[in-house]
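A short worksheet on the structure shown next.
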Amino acid sequence: MEHQLDRLVSKQAVWAEKRSLLLSAPGVGNTLTYTLLADLPEIGSLSNKQISSLVGVAPINRDSGAYRGKRRIKGGRAGVRTTLYGLPRVQ
């Protein structure tokens, strides 16, 4: 499967460039790279805050007036988040 993905991504200049950039980061392998390319095509065109919110790893506050609630992560693209955290993916 990875050989097919390599071949198909190599044919698209934009995807090949994104793949090489992602693979140059320490700790990023083929699984994460192909997950990001497939499930997060906005990568590279949005800011870091926008991407983290889109994936669901940005802490969302529960504040109202003087009340300061807990910050939690939620929503977003669960498949990308699961791959980032290295957890088994539930379908």
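The values are calculated or read from the model by the stated rules, or taken from the named source; none is laboratory data. This one's a predicted model, so the numbers in the text were calculated from it and none came from an experiment. When we count neighbours, we look across all protein chains shown, and the Cβ atoms used for this are built from the backbone with ideal geometry, even at glycine.
Quick one: residue 44 ticks every box in (1) under 20 Å from residue 78 (Cβ atoms); (2) touching a residue at least 24 places away in the same chain (Cβ under 8 Å) bar one, so which box is it?
Every listed condition holds for residue 44 apart from (1).
Kindly indicate the residue of the stretch 28-68 that is among the small types (Gly, Ala, Ser) and under 21 Å from residue 1 (Cα atoms) and also nearest to the chain's Cα centre (by Cα) among those meeting that condition.
Per the stated criteria, the residue is 38.
Among the residues of the stretch 68-81, is there at least one that is surrounded by 11 or more Cβ atoms within 10 Å (Cβ to Cβ), at pLDDT 90 or above and of a type outside the set (D, E, K, R)?
Yes, some residue in the stretch 68-81 is surrounded by 11 or more Cβ atoms within 10 Å (Cβ to Cβ), at pLDDT 90 or above and of a type outside the set (D, E, K, R).
Kindly check whether there is at least one residue in the stretch 48-57 that is at negative phi and touching a strand residue (DSSP E or B) at 6+ places or on another chain (Cβ under 9 Å).
yes
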